[in-house]
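Each remark here refers to the structure printed beneath this line.
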Amino acid sequence: MSTGVIIVIVIAVAVVVTGAVALAQRTRGAQGSRGLKRRFGPEYERAVARHDGDSQAAERELAELVERHGGLRERELERTEAERYEARWAATQEHFVDAPREAVGEADRLLAELARARGFPDGERYEEQLSALAVHHATHVQGYRHLHHVARNGSDTEEMRTAMIEGRALFQELVGASSGRSAGRSTAGRS
């Protein structure tokens, strides 16, 4: 075989390999994008908005969150522990009637404590805790974010009521997932 034929074969193989690698990366990127959208739901859209529509920057951020918090293993609550949290949430909701601002603060602290009990970063590091919750409970983390914001900044009674309801969804997921019960059967169903 002549040197010219060998060079042509090597170039052809290099072009095929380069094309295959490029196609694999593009396919993996598209699947990764779909996977992140599916995993994070509304949090994906929030990240894209935070990056002024730059979906690649948002995807890098979310992939970094998955890398940092994806291996976190949630600790199961003992049944009695879950029942204590449910009773405390019910008491907080009842307290809302007489003192909505204080009840919202209690609910915020209770969610932070429950998340810590389940193995998430301590609530004193709110942003880190929120990031970890976003990786594992993306569909309900906005409720916690809203509740925390209202607890810190105040609002009118209707906004506080809405924040309590939204925060309750994450509460029910954390208690219900741990106790093996349906979140809908939780005693925290009132607001």
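The values are calculated or read from the model by the stated rules, or taken from the named source; none is laboratory data. Keep in mind that this is a model prediction, so the values were computed, not measured. Note: accessible area is taken over every heavy atom of the protein model, side chains too, but ligands, DNA and RNA are not part of it. Shrake-Rupley method; radii C 1.70, N 1.55, O 1.52, S 1.80 Å.
Points to keep in mind about this one:
- Using alpha carbons only: equivalent-ellipsoid semi-axes of the range 91-138, gyration tensor based, whole Å: 24, 9, 9
- Surface listing: Met1, Met164 arranged by accessible area from highest to lowest gives Met1, Met164, probe 1.4 Å.
- Residue-level accessible surface for Thr18, protein heavy atoms, 1.4 Å, Å²: 90
- Surface accessible to a 1.4 Å probe, per residue, for the residues of the range 120-166, Å²: 45
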